[in-house]
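Contents: one structure, followed by commentary.
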Amino acid sequence: MKELSTLVDDVYETVTAITGGQEIPDELLDELGDKIKKTIKTWATPQNRNKFTLRMSNIGRPARQLYYSNQQTQDITHAPETQIKFLYGHLLEDILIFFVKLSGHVVTDEQKEVNVNGIKGHMDCKIDGEVIDIKTASNYAFRKFKNKTLREDDPFGYISQLAGYEKSEGTNNGGFLALNKESGELALYQPEELDKPNVKSLIANLLEILLSYSKAPEKCYKPIPAGLKGNMKLPTGCFYCSHKIECNKDTNDGDGLRMFKYAKGIEYLTTVVVPPKVEEVTP
């Protein structure tokens, strides 16, 4: 029986063998085809996103972000390029689990529904009996899995999400199988138990905030320097938050965030002492 600790090396060896001529079982190919079809159909099905629900996938998000999500009354719309990113992220997860099965590791409980204190979710799977969350990541995010530093910078709450799945399943040695979308590199990361929250306490605290608070909790992150001229910008943890404009309407002396377009993307400034010599855009 395979051991989880050899997973990455085993997948690499399997890919080498397949590209060297090893035959792929038809049943696994058929299963992958069915999963890809289901993934695309699910992605293409309109979702009702104007009602917030606390789920296992978001219990690790900052309380202020969840507060704004709960207050939101309109659907969040995504640009076509963002929708494409969502789709190929899901497809890469399907393909990665396919490789795991080909490598001889045992995959069970795919998309099993879990429940802790009424908060539900669907875990990706178990591999060799342990809860594993599949993540496809950019170079920047992948390094946090590879270097085991996710606990130091986890704006999406992945460790809390994993801990919730584990609590439901009565296990504590789960982890992440991460795929670098840019390089194809893999990493297996199993967080230490001390790095995980008490899930039941976390859920109770979040429910109290969402049900009782009449104003937003404290801001999640402090601004960081943008260069050497006194300008301040949103940190990475805020960059992908859909509530950053509303959350930071008190910045720049009440004028709100100012946005400047660089070749690498938009920079959101909370304090502008010296305007950057690039195009300023409006939200």
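Given charges of +1 on the Cβ of Lys and Arg and -1 on the Cβ of Asp and Glu, with all other atoms neutral, how large is the dipole of the chain about its Cα centre, in debye to the nearest 20? Numbers along the way, then the final one.
Values: 36 positive and 40 negative charges, 287 e Å.
In debye, rounded to 20, the chain gives about 1380.
Tell me the net charge near residue 177. Cut-off is 10 Å between Cβ atoms, residue 177 excluded, with +1 for each Lys or Arg and -1 for each Asp or Glu. Working shown, then result.
Working: positive: 135; negative: 93, 124, 133.
Residues near residue 177 contribute -2 overall.
Here the Karplus curve 6.51 cos²θ - 1.76 cosθ + 1.60, taken at θ = phi - 60°, turns the phi angles of region 167-175 into couplings of 4, 5, 8, x, 10, 8, 10, x, x Hz, with x standing for Gly and Pro.
Under 5 Å between amide hydrogens, built in the peptide plane, is the criterion, and for residue 114 it picks out 121, 122, 123 among residues at least 5 positions away or on other chains. Hey, in the GNM for the chain with a 10 angstrom Cα cutoff, which one of 132, 203, 245 fluctuates hardest? Residue with maximal mean-square fluctuation among 132, 203, 245: 245. The modelled label-to-label distance for the pair residue 34/residue 262, using points 7 Å beyond Cα in the direction of Cβ, is 4.8 nm. Region 146-160 and region 19-35 have Cα centres spaced 33 Å apart. Counting every other Cβ atom within 10 Å of each residue's Cβ, 258, 55 order from fewest to most as 55, 258. The H on the amide N of residue 135, modeled in the peptide plane, is under 5 Å from the matching H of 177, 178, 179, each at least 5 residues off or on a different chain. The slack between residue 3 and residue 229, meaning 0.36 nm per residue of separation minus the straight C-alpha distance, is 76.1 nm. State the label only: which of [x] 13.8; [y] 17.3; [z] 19.0 corresponds to mean projected area of the Cα convex hull in nm² computed from the shown model? The value computed from this structure is option [y]. Each Lys or Arg adds one and each Asp or Glu subtracts one; over the other residues with Cβ under 13 Å from the Cβ of residue 17, this totals -4. Sorting the segments 83-90, 232-239 by their mean number of nearby beta carbons within 10 angstrom, highest to lowest, gives 232-239, 83-90. Distance between the modelled labels on residue 194 and residue 18, one decimal in nanometres: 3.9 nm (7 Å Cα→Cβ projection).
No lab work stands behind these numbers, since they all come straight from the coordinates. Keep in mind that what you see is a predicted model, and the values were worked out from it rather than measured. Virtual Cβ from ideal backbone geometry, glycine too; neighbours counted across all protein chains shown.
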